[in-house]
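Worksheet: the structure to be examined is printed underneath.
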Amino acid sequence: MTPDMALLHLQTPRSNRLRFLAGQSVNLILGKSLHAVLPIASCPCDDRNILFHVHRMPGNLFSDYVFNRLKNHEVVEIEGRRANLSCRKKTTRPLFFFALTLALRRSKA
């Protein structure tokens, strides 16, 4: 890590793990108004300890909070996996994609 990058380590409850694939992103929420969509930086083999790299971006409220105010064991919420969807089959028919987002509460370890 560098002075301009923080490692955010979230640990899920044993009974409520987040299953994800490499390269997926989630929405992180601090309080009621701070949001950031970040890619997961950890291995999917450990779905309980989830890592994120947060870059320092002066003026970005989420980044400023992580670097200046975030404390151990503070609650950070994760809104489900986010991924790009694609269709591998070529077709001339219209395609419809549906997604469902679930909000799960996580606490900082």
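The values are calculated or read from the model by the stated rules, or taken from the named source; none is laboratory data. Please read all numbers here as calculations on a predicted model, not as lab measurements. Backbone-built Cβ (ideal geometry, glycine too); neighbour counts: all protein chains shown.
Does P44 fit the bill of being within 16 Å of the chain's Cα centre (by Cα) and closer than 14 Å to L7 by Cα?
Values: within 16 Å of the chain's Cα centre (by Cα): yes; closer than 14 Å to L7 by Cα: no.
No.
So A41 clears everything in (1) farther than 15 Å from E79 by Cα; (2) assigned to a strand (DSSP E or B) except one condition, right? Which one?
A41 satisfies all of (1) farther than 15 Å from E79 by Cα; (2) assigned to a strand (DSSP E or B) except (2).
Determine which single condition S15 fails, assuming it passes every other condition in (1) surrounded by 14 or more Cβ atoms within 10 Å (Cβ to Cβ); (2) under 16 Å from I78 (Cβ atoms); (3) of a type in the set (S, T, Y).
Here S15 clears every test but (1).
Of all residues being of a type in the set (S, T, N, Q) and part of a loop (DSSP other than H, G, I, E, B) in segment 13-32, which is farthest from C43 (Cα to Cα)? Just the residue, please.
Here is the first cut: in segment 13-32, the ones of a type in the set (S, T, N, Q) are 15-16, 24-25, 27.
Going one step further and asking which of them are part of a loop (DSSP other than H, G, I, E, B), we end up with 15-16, 24.
Numbers: S15: 19, N16: 17, Q24: 11 Å.
If we take residues in segment 13-32 being of a type in the set (S, T, N, Q) and part of a loop (DSSP other than H, G, I, E, B), then S15 is farthest from C43 (Cα to Cα).
Residues of segment 64-104 being aromatic (F, W, Y) and modelled with pLDDT under 80, which ones?
Residues of segment 64-104 aromatic (F, W, Y): 65, 67, 96-98.
Matches in segment 64-104: F96, F97, F98.
Could you list all residues from segment 2-12 that are assigned to a loop (DSSP other than H, G, I, E, B), touching a residue at least 24 places away in the same chain (Cβ under 8 Å) and surrounded by fewer than 14 Cβ atoms within 10 Å (Cβ to Cβ)? It would help to see each step written out before you state the result.
The initial filter retains those residues of segment 2-12 that are assigned to a loop (DSSP other than H, G, I, E, B), namely 2-4, 12.
When the remaining residues are screened for being touching a residue at least 24 places away in the same chain (Cβ under 8 Å), the result is 3-4, 12.
The answer is P3, D4.
Looking at segment 20-40 only, could you name the residues that are surrounded by fewer than 14 Cβ atoms within 10 Å (Cβ to Cβ), closer than 17 Å to G80 by Cβ and free of Cβ contacts under 8 Å to residues at least 60 places away in the same chain?
Going through segment 20-40, the residues surrounded by fewer than 14 Cβ atoms within 10 Å (Cβ to Cβ) turn out to be 21-23, 31-33, 37, 39.
Restricting the remaining residues to those that are closer than 17 Å to G80 by Cβ gives 21-23, 37, 39.
Answer for segment 20-40, where residues must be surrounded by fewer than 14 Cβ atoms within 10 Å (Cβ to Cβ), closer than 17 Å to G80 by Cβ and free of Cβ contacts under 8 Å to residues at least 60 places away in the same chain: A22, V37, P39.
Being of a type outside the set (A, V, I, L, M, F, W, C) and surrounded by 12 or more Cβ atoms within 10 Å (Cβ to Cβ) is the filter here; which residues of segment 63-81 pass it? Give the derivation first.
First, pick out the residues of segment 63-81 that are of a type outside the set (A, V, I, L, M, F, W, C): 63-65, 68-69, 71-74, 77, 79-81.
Within segment 63-81, S63, D64, Y65, E74, E77, E79, G80, R81 qualify.
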